[in-house]
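**Student:** Below you'll find the structure I mean.
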Amino acid sequence: GMALMLARATRNLSRRNFSTKAPKRFAGVIKLKPEMYNQYTRLHDHTWDEVMKRMYESNMRNFVVYYHKETSLMFNHWEYVGSDLDADMKAIENDPIIKKWWTFCEPCQEPFKWEGPPPSQGGDGGPGGSWWAPMEEVNHCGAWPVAYSTEYPDPDFVPKNPDGKLSSSSDTDGLVSNAKK
């Protein structure tokens, strides 16, 4: 039955050459301005290919954002599979397409503690500031993933934008940006 099928699947997976190193997990929280829901979902129903490439090259995997409508809170979770987090995050920070992407995401978001210009304009939030407030992991039930999909976008993802619109780095018509002119 089912137990035998799971045992065979597990045995087959264990024969493959998977890394046994656990990823580092990260999570953050921020408010979504309710009036910007359409823009945010338009951006994220198909995250720009260049953004996905940079995240992948910077060893970020399984990046997920959840939204809680009643409180307007968004929660993100992602896993890091690299060996030099500082260098990988610096590569993201310095990528011109990422900065362009941020100019469209930032007007949608309201950080809890931030002073000064937004990240797209080189801001660091001031003392104790963080655009996405980091969250403390208090529980993790189970083991880490043994493999990550190489397929993008996720074939099971259902777009959320009420108007059915998507965006790309070359199609930002109608989106609000805080880019300096």
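**Student:** Cα centroid distance between the range 21-58 and the range 60-133, in Å?
**Tutor:** Each part's Cα centre sits 8 Å from the other's.
**Student:** Same structure, new question: How high is the FRET efficiency between Tyr66 and Asp173 when r is their beta carbon distance and R₀ equals 30 Å, given to the nearest 0.05? Working shown, then result.
**Tutor:** Details: r = 28 Å, r/R0 = 0.92.
According to the calculation, E is roughly 0.60.
**Student:** If you don't mind, another one. Considering amide H positions built from the backbone, and no H for Pro or chain starts, which residues 5 or more places from Phe63, or on another chain, come under 5 Å of its amide H?
**Tutor:** Those lying under 5 Å, H to H, from Phe63 are Glu79.
**Student:** Moving on. Could you pull out every residue, at least 5 positions away or on a different chain, whose amide H is within less than 5 Å of the one on Lys33? Hs are placed 1.01 Å off N in the peptide plane, and Pro or chain starts have none.
**Tutor:** Amide H to amide H, under 5 Å and 5 or more residues apart or across chains, Lys33 pairs with Gln109, Glu110.
**Student:** Roughly how many nanometres apart are two label points built 7 Å out from the Cα toward the Cβ at Glu57 and Glu35?
**Tutor:** 3.7 nm
**Student:** Probe radius 1.4 Å, ligands and nucleic acids ignored: give me the carbon and sulfur share of the accessible area of the range 18-132 as a rounded percent.
**Tutor:** Working: 3290 of 6050 Å².
Carbon and sulfur together cover 54 percent of it.
**Student:** Read phi for every residue in the range 121-130 and hand back ³J(HN,Hα) as whole Hz from Karplus 6.51 cos²θ - 1.76 cosθ + 1.60, θ = phi - 60°, with x for Gly and Pro.
**Tutor:** 9, x, x, 10, x, x, x, x, x, 7
**Student:** Follow-up. For a quick check of your reading of the filter: which GluC sites (Glu not before Pro) in the range 19-77 sit in a DSSP loop and have no more than 12 other Cβ atoms within 10 Å?
**Tutor:** Details: sites: Glu35, Glu50, Glu57, Glu70; in loops: Glu70.
For GluC sites (Glu not before Pro) across the range 19-77 that sit outside H, G, I, E and B with at most 12 neighbouring Cβ atoms in 10 Å, the list reads Glu70.
**Student:** Now for a separate question. Provide the per-residue ³J(HN,Hα) series for the range 93-99, in order, calculated from phi with Karplus coefficients 6.51, -1.76, 1.60 and θ = phi - 60°, each as a whole number of Hz, with x at glycine and proline positions.
**Tutor:** Using θ = phi - 60°, the values come out as 4, 8, 6, x, 6, 4, 4 Hz.
The values are calculated or read from the model by the stated rules, or taken from the named source; none is laboratory data. If you're wondering where the values come from, they're calculated on a predicted model, not measured in any experiment. Positions of Cβ are generated from backbone atoms using ideal geometry, with glycine treated the same way; all protein chains shown enter the neighbour counts. Protein only, heavy atoms only, side chains kept; ligands, DNA and RNA dropped before computing areas. Shrake-Rupley method; radii C 1.70, N 1.55, O 1.52, S 1.80 Å.
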